[in-house]
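No lab work stands behind these numbers, since they all come straight from the coordinates. The shown structure was predicted, so the numbers you read here are calculated from the model rather than taken from an experiment. All Cβ positions, even for glycine, are placed from backbone atoms using ideal geometry, and neighbour counts span all protein chains on display.
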Amino acid sequence: MAQKLKVVMAQLNFRVGDIDGNTEIVIENSLKAVSEHSADVIVFPELTLTGYPMEDLLLRPSLQNRVDKAISKILNANLSIVIVIGYPYVSDSKLYNALGVFCDGEIIGSYFKQCLPNYQVFDERRYFEPGNKTCIVEIQNIRCAFTICEDMWEEAPAQDAQQLGAQLLININASPFHINKLQERKNLLTKRCRQGNFPIVYVNLVGGQDELVFDGGSMVVDAEGHCRYLAPSFEESLYPTIVHIAKEGVENLYDQKISLDLCVEESVYRSLVLGVKDYVRKPL
């Protein structure tokens, strides 16, 4: 009999620097994922607790203390669900773009982003050190591996996960919109799924921040490279899905839900609307 994992993709809008507010969003939606969807896992985007991009706010000495308090608050909230979440983390005096796996008040897994983008709008090497270790955590007896955004654009992180026996790869993101970006992501995930012979749960941020707009488009792609679930672009919500994995690692994904792709004109329009809206409503 195939194993199954009930996953909620938290395609949400977070405010840069509002660690307390973002923490409340995490707790509120984790409770909702349990009460409304009976989920095993909820997956949040990259750098959820601080928002993205933090830029020079990452250099503030008080940052790690605030992040630590936020993590403690989540761990002590008695949430009956596995939480996959992104945040900055200091280890041995080095700052990492980190992912944590929380369960029953403990951190049961952590991962540091390995591939740091440093082109166009990205300058992560200015702030972060690259990680060098793969993270595998068993959730409901399913071997789950984890990566962060740019890691998916390089072959090595997914290959390492495959070699360690991963049955499912969870990728958290803060990937901004540009024309045809959704199709680029689909093509990339198709390639990685076929290479690794595992499904991928891809969760992206939504919302505007300064000159960037994050379009969401969270999705689940099966091991054969077929998109089985695609969340609407530019819409903030929780999106539940079920991943089924057979003992031999060949999965079937049921309850297929594919949102319609937006035409270029509509995607650009909605990007502009969301960008202006968040520029006005988000606090300085």
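By the count of neighbouring beta-carbon atoms within 10 Å, fewest first, Val221, Val273 end up ordered Val273, Val221. Here the residues Cys263, Cys135, ranked from fewest to most Cβ neighbours within 10 Å of their Cβ, fall in the order Cys263, Cys135. For the range 49-172, pairs of C-alpha atoms spaced more than 16 angstrom apart make up 62 percent of the total.
Highest mean packing first, where packing is the average number of other Cβ atoms within 10 Å per residue, the peptides 55-62, 34-41 line up as 34-41, 55-62. Put in line by how crowded their Cβ is, counting other Cβ atoms within 10 Å and starting with the fewest, Met54, Met9 read Met54, Met9.
Simple spin-label estimate for Glu36 and Glu211 gives 3.6 nm between the two label positions (7 Å along the Cα-to-Cβ direction from each Cα). Given (i) 18.7, 53; (ii) 22.0, 87; (iii) 17.4, 52, which label gives Rg and Dmax of the Cα atoms in Å as computed from the coordinates? Recomputing Rg and Dmax of the Cα atoms in Å here gives the entry labelled (iii). Per-residue packing, averaged as other Cβ atoms within 10 Å, sorts the ranges 118-128, 234-244, 164-174 into the order 164-174, 234-244, 118-128, beginning with the highest.
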